[in-house]
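Single-structure report; data block below.
The values are calculated or read from the model by the stated rules, or taken from the named source; none is laboratory data. Everything numeric in this text was worked out from a predicted model, so none of it was measured. Cβ: placed from backbone, ideal geometry, glycine included. Neighbour counts: every protein chain shown.
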Ligand SMILES: Nc1ncnc2c1ncn2[C@@H]1O[C@H](COP(=O)(O)OP(=O)(O)OP(=O)(O)O)[C@@H](O)[C@H]1O
Ligand SMILES: [Mg+2]
């Protein structure tokens with residue numbers, strides 16, 4: 001399977017042979033693939049990447065190593081000075097008291113030096129790890145913001161939440177001390193080995209086989225614990241995902257009395273995740289026992305050798321046993337810390353996992369920047385446009401070609417799933433065409449920067465997105481407009497009275513709760529519409545923008561749009577056909593192709609046409625079921641009659 005980056009590139013390559021793509025059998029694959037889990041050793045470039053994130057030119061890691069080495073070195077020098085003092089091996093002019101003062105002063109100075117180095121090391125560690133955490137977190141965030149929409153279609157939100165919570169926390173809290181302990185251990189080990197081998201060089205003979213034994217134990221531990229840690233991290237994503245979904249669908253879960261089942265599933269997921277955590281702890285104990293056993297055996301053998309098998313004098317035997325003790329202690333520490341470091345690097349590995357994913361097109365392409373007054377006429381021209389959501393799927397739009405006039409009002413109709421919203425998404429390049437061309441006022445929009453393109457169009461999508469904050473922060477997130485302009489937009493969409501009397505009477509500063517939950521869906525749509533009105537764009541795209549709004553308000557808004565946007569091209573998608581009945585032309589889509597594209601009058605003149613069928617279908621509802629449907633159907637029929645002066649649809653209905 002190609003990587004996401006590759007598939008994006010392929011998706012973007014216009015002119016690709018569509019026939020080659022998407023054999024329907026490939027659709028049988030699942031939408032979301034299993035969460036990726038790295039295998040084998042953590043790559044060296046990952047360690048280097050993490051250290052590089054501490055700051056420029058590896059400066060902080062270098063200072064850290066130097067200070068850690070100096071701290072440990074000075075501690076050894078202090079020990080050496082003690083032995084000089086004990087053997088009175090330094091002669092200074094003056095009496096004995098003076099001599100002692102010199103010993104104390106030097107001992108104190110070395111101690112202070114070591115302390116200062118330790119302090120500097122700790123400060124550098126804190127600065128470095130905090131900087132690295134910040135940088136990698138921002139890197140992940142900016143990457144996620146630039147990933148194409150198809151990435152989010154195939155990645156459950158839980159995976160992303162996992163990276164932004166648990167992995168980030170592990171990087172913030174566990175990794176820093178772990179890196180620090182590893183580097184301190186490394187410098188201490190080097191210093192200790194140098195000292196031990198200087199005092200008793202024959203111990204070098206023991207270091208090599210001892211190292212091999214420790215290495216083999218570490219190898220077994222690290223291989224299993226690294227994989228267990230990766231499994232543990234992956235097992236958390238479904239928990240986040242399930243929790244997130246449960247919160248979103250809480251009212252449905254309660255309405256169907258499924259709270260118990262959802263809680264049980266949550267518990268089951270927690271249990272599954274513990275399946276990896278528990279063996280991880282057991283593996284840790286496994287290592288502990290082996291390390292202690294090796295340490296004790298080496299010390300015991302050294303004692304046997306120096307005291308029983310080949311007895312030496314007491315001083316030498318004591319030295320050998322102490323050396324063995326400290327050597328095994330160091331080895332123990334080295335094995336543990338290097339394993340801990342590799343395990344904790346899993347967090348960085350996961351945070352950097354999306355680095356190679358392909359992103360959307362750049363926000364600005366310097367040699368393809370549109371003029372500042374673009375689009376001035378608002379003429380949209382599409383030619384042989386093919387669009388599909390993912391490489392393994394069939395195209396949703398199949399050879400769409402059309403051209404609008406300047407400031408034309410186009411209605412778009414068609415059955416559910418025929419590709420109306422996809423056409424709008426393509427205009428915004430939320431999804432990239434695989435073939436064909438798309439221009440606005442003669443400027444190719446498929447090769448310009450995304451920010452340049454999207455900032456010049458106004459779109460009200462099918463599901464309005466309202467952020468928590470205030471009415472003001474939602475209408476004008478970049479503080480560009482005056483209060484008067486905002487109120488005027490709110491008045492145009494008939495929302496001003498609602499906002500004036502909103503909870504607390506705070507007007508534009510009224511608080512909007514998470515996801516706009518304290519607004520009705522229709523009010524959220526109106527807010528989206530007000531946002532689009534304020535942009536003052538030459539092209540306005542409305543995707544079912546008034547589908548949840550009562551008919552009277554809808555009528556009012558359509559009239560407002562006709563006057564406020566008289567100089568603009570307006571593309572309106574609507575299932576409620578009376579909404580688009582006043583359009584200059586109506587495009588009827590059928591299964592990704594344009595079935596009809598003409599004035600409403602011409603379309604209605606053809607009783608066999610698809611638009612007539614849609615109108616007839618709507619008007620038949622007036623004879624059926626609910627009052628509201630009947631009312632809508634009446635409206636459609638009346639509008640159609642007005643457009644065509646045809647006999648009443650009701651009369652024509654069988
Ligand atoms: N993110 C997606 N990934 C894969 N396929 C998608 C995606 N979004 C839409 N589709 C598919 O594309 C087709 C067209 O969808 P689209 O949303 O454009 O329909 P629509 O005409 O707007 O329908 P509606 O009137 O219900 O809004 C559908 O078959 C749908 O399954
Ligand atoms: Mg749609």
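Just to be sure I understand the filter: pairs with C-beta atoms under 6 Å, separated by 6 or more residues or on different chains, first member in region 531-557 and farther than 17 Å from residue 494 by Cα, second member within 16 Å of ligand 2 (Cβ to nearest atom) and in a helix (DSSP H, G or I). Which pairs pass?
Short answer, once both residue conditions are applied: 541/424; 543/421; 543/424.
Based on this model, can you work out whether residue 283 counts as over 28 Å from the mean Cα position of the chain (by Cα) and assigned to a helix (DSSP H, G or I)?
yes
How about region 391-406: which of its residues are crowded, with 16+ Cβ neighbours inside 10 Å and either touching a strand residue (DSSP E or B) at 6+ places or on another chain (Cβ under 6 Å) or not assigned by TED's automatic domain parsing to the domain that holds residue 542 (or both)?
Correct list: 395, 396, 397, 398, 399, 400, 404.
Among helices (runs of 4 or more DSSP H) lying entirely in region 458-530, which contain 1 or more residues that are free of Cβ contacts under 8 Å to residues at least 60 places away in the same chain, more than 16 Å from ligand 2 (Cβ to nearest atom) and more than 30 Å from residue 426 (Cα to Cα)?
483-492, 496-500
For the structure I just gave you, tell me whether residue 97 is in a helix (DSSP H, G or I) and exposed (fewer than 11 other Cβ atoms within 10 Å of the Cβ).
Considered against the rule, which asks whether it is in a helix (DSSP H, G or I) and exposed (fewer than 11 other Cβ atoms within 10 Å of the Cβ), residue 97 comes out as yes.
What pairs come out if I take residues in region 417-431 that are closer than 22 Å to residue 359 by Cβ and pair them with residues that are within 13 Å of ligand 2 (Cβ to nearest atom) and assigned to a helix (DSSP H, G or I) whose C-beta lies under 7 Å away, six or more apart or interchain?
Qualifying pairs under 7 Å: 431/422; 431/425.
Among the residues of region 225-263, count how many are surrounded by 12 or more Cβ atoms within 10 Å (Cβ to Cβ) and more than 21 Å from residue 171 (Cα to Cα).
Selection size over region 225-263: 14.
Do any strands (runs of 3 or more DSSP E) lying entirely in region 313-428 carry at least 2 residues that are at pLDDT 90 or above and within 16 Å of ligand 2 (Cβ to nearest atom), and which ones are they?
Per the criteria, 397-403, 409-414.
Considering (1) without any contact (Cβ under 8 Å) to a residue 12 or more places away in the chain; (2) outside any helix (DSSP H, G or I), say which one residue 90 fails and leave the rest.
It fails just one condition, (1).
If the requirement is being in a loop (DSSP other than H, G, I, E, B) and modelled with pLDDT under 90, which of these qualifies: 646, 635?
None of the other options fit; the residue is 646.
For region 589-605, what are the residues that are part of a strand (DSSP E or B) and in contact (Cβ under 8 Å) with a residue 60 or more places away in the chain?
589, 590, 593, 594, 595, 597
In region 456-465, is there at least one residue being within 23 Å of residue 565 (Cβ to Cβ), touching a strand residue (DSSP E or B) at 6+ places or on another chain (Cβ under 6 Å), away from ligand 1 (no atom under 16 Å from the Cβ) and assigned by TED's automatic domain parsing to the domain that holds residue 552?
The answer is yes, given that some residue of region 456-465 is within 23 Å of residue 565 (Cβ to Cβ), touching a strand residue (DSSP E or B) at 6+ places or on another chain (Cβ under 6 Å), away from ligand 1 (no atom under 16 Å from the Cβ) and assigned by TED's automatic domain parsing to the domain that holds residue 552.
Which one of the conditions (1) under 20 Å from residue 580 (Cα atoms); (2) within 11 Å of ligand 1 (Cβ to nearest atom) does residue 392 fail to meet, given that it meets all the rest?
So residue 392 meets the others, but not (1).
In this structure, does residue 608 turn out to be over 44 Å from the mean Cα position of the chain (by Cα), at pLDDT 85 or above and not in a helix (DSSP H, G or I)?
yes
Take the conditions surrounded by 16 or more Cβ atoms within 10 Å (Cβ to Cβ) and either at pLDDT below 90 or in the same structural domain as residue 501 (by TED's automatic domain parsing) (or both) and apply them to residue 559. Does it pass?
No.
If you go through region 531-556 one residue at a time, how many are part of a loop (DSSP other than H, G, I, E, B) and at pLDDT 85 or above?
Result for region 531-556: 3.
For region 83-91, indicate whether the set of residues that are surrounded by fewer than 16 Cβ atoms within 10 Å (Cβ to Cβ) and closer than 28 Å to residue 358 by Cβ is non-empty.
no
From the list 373, 366, which one is within 29 Å of the chain's Cα centre (by Cα) and either touching a residue at least 24 places away in the same chain (Cβ under 8 Å) or away from ligand 1 (no atom under 16 Å from the Cβ) (or both)?
So the residue among 373, 366 that is within 29 Å of the chain's Cα centre (by Cα) and either touching a residue at least 24 places away in the same chain (Cβ under 8 Å) or away from ligand 1 (no atom under 16 Å from the Cβ) (or both) is 366.
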